[in-house]
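To start, the structure itself, in structure tokens.
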Amino acid sequence: MFHTGLRTPGAVRTEESAAGTDLYFQRCAWCHTTTFQRLLCPTCGSTDLSPQLSEGEGVITVRRAHTAAEADLWPVHMAEGFVVRCRVDGPPHAVRPGVRVKLASAADTGRRPVVRLCEEVPLDGWI
């Protein structure tokens, strides 16, 4: 069974449904590796992946080369060990690697999860 990653209680998430967004990831039954939206385990190649609900907390990681279409996407290392590219809800000066984030609603973003900054960062960027 393959989940798209975003779900709301009782139904598959659509663009109109924003509240109560949950983030599902997959865990391999054989080697216990966590992954996001895959058909095969990236470690052992197993197809026995079970969906699990994420706590929704993570840390923004370093963003490598990206295209203009991906300018607002950041890789987020979630607490369960998988990485997902997310849109970040917060002031642009505060979005940087190492900042803690929490899953937020995804009203008008299509299929990309939206995360919100957990900590306030001053305008000068120093904590």
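Scanning region 22-37 for residues that are among the charged types (D, E, K, R) and either in contact (Cβ under 8 Å) with a residue 60 or more places away in the chain or surrounded by fewer than 17 Cβ atoms within 10 Å (Cβ to Cβ) (or both) returns a single hit, 22. When residues in region 80-108 are screened for being assigned to a loop (DSSP other than H, G, I, E, B) and surrounded by fewer than 14 Cβ atoms within 10 Å (Cβ to Cβ), 6 of them pass. Restricting to region 39-79, give me the number of residues that are surrounded by 13 or more Cβ atoms within 10 Å (Cβ to Cβ), part of a strand (DSSP E or B) and among the hydrophobic types (A, V, I, L, M, F, W, C). So the answer is 7.
Any read-out appearing in this document is the output of simple, stated calculations on the displayed coordinates, not a laboratory observation. What you see is a predicted model; the values in this text were computed from it and never measured. Virtual Cβ from ideal backbone geometry, glycine too; neighbours counted across all protein chains shown.
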